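Undergrad: I'd like to ask you about the structure that follows.
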Amino acid sequence: MHTFQPYPIELYEANPFTLIADQWYTITAEKDGKVNTMTASWGSLGSLWGKYVAIIYVRESRYTREFLDASEYFSITNYGKEARSALKFLGSVSGRNEDKISGARFHVNYHDGVPFIDEGTFSLICKKMSRTPIKPEDFIDPTIQGEWYKDGDYHIMYVGEILQALAR
């Protein structure tokens with residue numbers, strides 16, 4: 001396992017657009033002693049309700065959604081470019097059918113009982129604050145439904161308070 005050190009979130013400098021949309025990240029949570037993770041490229045980092053937060057979006061059909069709903073905590077982890085093929089793998093298979101973390105040659109680490117992926121370079125440990133389903137009746141832009149939700153598999157927005165930032 002790698003050594004991760006607490007990192008002051010106020011000092012974290014990254015371009016949120018390339019960090020999330022271009023470099024991707026994983027969302028990891030635990031349910032009944034089992035850990036699952038998924039690759040994601042939608043999300044936000046910022047301030048809400050007087051706290052630093054991570055906002056993530058997970059489709060209803062994703063297996064990781066079950067883990068997020070069952071847990072009070074989750075983590076998000078960023079990676080270097082060398083992890084791109086592993087992140088593609090994690091995004092193409094379901095943890096319902098196989099141990100995809102091992103299949104990606106990744107390992108689970110823990111901080112204060114919250115799982116995160118050890119091969120990452122930077123992880124945020126988060127406590128769930130809210131869970132909001134994305135509903136078609138809330139779309140103002142009429143193109144969203146046709147472009148992103150033709151199959152009716154909507155996202156759920158989770159807001160998590162960032163409790164700890166960890167750097168490798």
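Undergrad: Among the listed residues Lys31, Lys81, which satisfies the condition of being closer than 21 Å to Val108 by Cα and either loosely packed, with under 13 Cβ neighbours inside 10 Å or in contact with a His (Cβ under 9 Å, 6 or more places away or on another chain) (or both)?
TA: Lys81
Undergrad: Shifting gears a bit: Of all the residues that make up the range 149-165, how many are farther than 17 Å from Ala54 by Cα and under 19 Å from the mean Cα position of the chain (by Cα)?
TA: 2
Undergrad: Quick one: Glu98 ticks every box in (1) under 28 Å from Asp151 (Cβ atoms); (2) open to solvent by 70 Å² or more (accessible area, probe 1.4 Å); (3) in a helix (DSSP H, G or I); (4) of a type outside the set (S, T, N, Q) bar one, so which box is it?
TA: Every condition holds for Glu98 apart from (3).
Undergrad: While we're on this one: Can you find a residue in the range 25-45 that is closer than 15 Å to Leu124 by Cβ, part of a helix (DSSP H, G or I) and in contact (Cβ under 8 Å) with a residue 24 or more places away in the chain?
TA: Looking through the range 25-45, none of the residues is closer than 15 Å to Leu124 by Cβ, part of a helix (DSSP H, G or I) and in contact (Cβ under 8 Å) with a residue 24 or more places away in the chain.
Undergrad: Taking only the range 101-115 into account, find how many residues are over 19 Å from Ala70 (Cα atoms) and open to solvent by 60 Å² or more (accessible area, probe 1.4 Å).
TA: 3
Undergrad: Additional query: Identify all residues within the range 42-65 that are surrounded by fewer than 22 Cβ atoms within 10 Å (Cβ to Cβ), in contact with a strand residue (DSSP E or B) (Cβ under 8 Å, 6 or more places away or on another chain) and of a type in the set (S, T, N, Q); write none if there are none.
TA: Listed by number, the residues that qualify are Ser44, Ser47.
Undergrad: So Phe4 clears everything in (1) open to solvent by less than 60 Å² (accessible area, probe 1.4 Å); (2) more than 12 Å from the chain's Cα centre (by Cα); (3) of a type in the set (Phe, Trp, Tyr); (4) under 17 Å from Ser130 (Cβ atoms) except one condition, right? Which one?
TA: Unmet for Phe4, out of (1) open to solvent by less than 60 Å² (accessible area, probe 1.4 Å); (2) more than 12 Å from the chain's Cα centre (by Cα); (3) of a type in the set (Phe, Trp, Tyr); (4) under 17 Å from Ser130 (Cβ atoms): (4).
The values are calculated or read from the model by the stated rules, or taken from the named source; none is laboratory data. Since this is a predicted model, take the numbers as computed values, not measurements. Cβ atoms come from the backbone with ideal geometry, glycine included; neighbour counts cover every protein chain shown. Ligands, DNA and RNA are excluded from the accessible area calculation, which covers all protein heavy atoms including side chains. Shrake-Rupley method; radii C 1.70, N 1.55, O 1.52, S 1.80 Å.
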